[in-house]
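Accompanying notes for the structure given below.
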Amino acid sequence: MAIPKAYGKDGKPLAHERQRLILERLENGESLSISELAKEWGVSSKTVQRDFEKLTVGPFGVERAEDGRRFHKARKQTSHSDAELIIETIEAMARDIGGGFYSKTHRLLSQLRKNLASPFYARIDVEDISGQFETVKTLETAIDQKRSVVFNYTPWWGEHGKKRYENVHPVKIVIFNGFWYLLAEHAGVYKKFYLKEIRNCEMRDEQFRLDEKILERLENSVNIWFDPDRTPYEVTLWIAPDSVVYFKRQPVSKTQKLYEKPDGSAELIVKITDDDEILPLVKYYLPTIRILEPESLRERFEDMLHLYLNSF
């Protein structure tokens, strides 16, 4: 269903728009008069009076002032957040549409109001990419239609590495550790592009065929260091008793296998595609974790530790 227009053909605000403006102005601390608003909008006083009758009931927190002629936000009400104001505006619009649409919308908005006062707090640190809206929209369409794209890209090492990429096959937009990336195939190689560094993205008519095994490797990946072009291999880790519980609560990846031992420790086996995919995890859990296999990875990590300790 299309969203109703805010103004009629006569240029006067429709009911839902009037009620939105009333709520917005009251939220900003104004006190409003029916007669003044009627004159301002070119509608009858009875029309505005009906608007206030709707807003003085329910969760809107609108009440008459002591003089009985003006309206303001209820003093006992705490200031609404932007989210609450948006919900109230949608409610007013849905009420004017009426019928089954309003009853369904009202139930949904009531649930949203409950969530605003939820006792739960979730800390999800994901970077803001609101400035990349057009890029994301183009990539979403290209991924859905399996069409190639072109864009300018600046790598992390600076402007001197800036390049124009042609005939890129976008696979997925992914988030790893709070950062946004584009997984794509270019010139026969799968690459990860940091989303915020993509500029002037355009979609082309050429279509491509997606290799489904890449999606499987993405699903089984541990972090952004995974290599879509390499065949996965197993890593075996020893986990101390004090840390086993964390791997039981949250597996490293979908390939994880955890074998607990009588002494409370465990062996963890996980498939990766690049050594650097697992090394950040090992560093994080030191000293309660050790690499058992493969030997080459264990030796590489030990060399890294020696280099670190001998640098002081």
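Values in this text are rule-based calculations from the coordinates and carry no lab data. Note that the structure is predicted; figures quoted are calculated from it, not measured. Virtual Cβ from ideal backbone geometry, glycine too; neighbours counted across all protein chains shown.
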Of K163/K191; K196/K271; K163/K254; K213/K271; K162/K283, which sit over 25 Å apart, Cα to Cα? K196/K271; K163/K254; K162/K283
Based on the Kirkwood radius over alpha-carbon pairs, what is the Stokes-Einstein translational diffusion coefficient of segment 157-291 at 10 °C with 1.306 mPa s viscosity, in µm²/s? 94 µm²/s
Report the percentage of all Cα-Cα pairs in segment 233-309 whose separation exceeds 18 Å, rounded to a whole percent. 35 percent
Please compute the net charge surrounding E295, taking Lys and Arg as +1 and Asp and Glu as -1 over other residues with Cβ under 14 Å from its Cβ. -3
Would you kindly calculate the translational diffusion coefficient of segment 130-210, applying Stokes-Einstein with the Kirkwood radius from alpha carbon pairs, for 37 °C and a viscosity of 0.692 mPa s, and quote it in µm² s⁻¹ without decimals? 259 µm²/s
In the neighborhood of D229, defined by Cβ-to-Cβ distances under 12 Å, what is the net charge if each Lys or Arg adds +1 and each Asp or Glu adds -1? +1
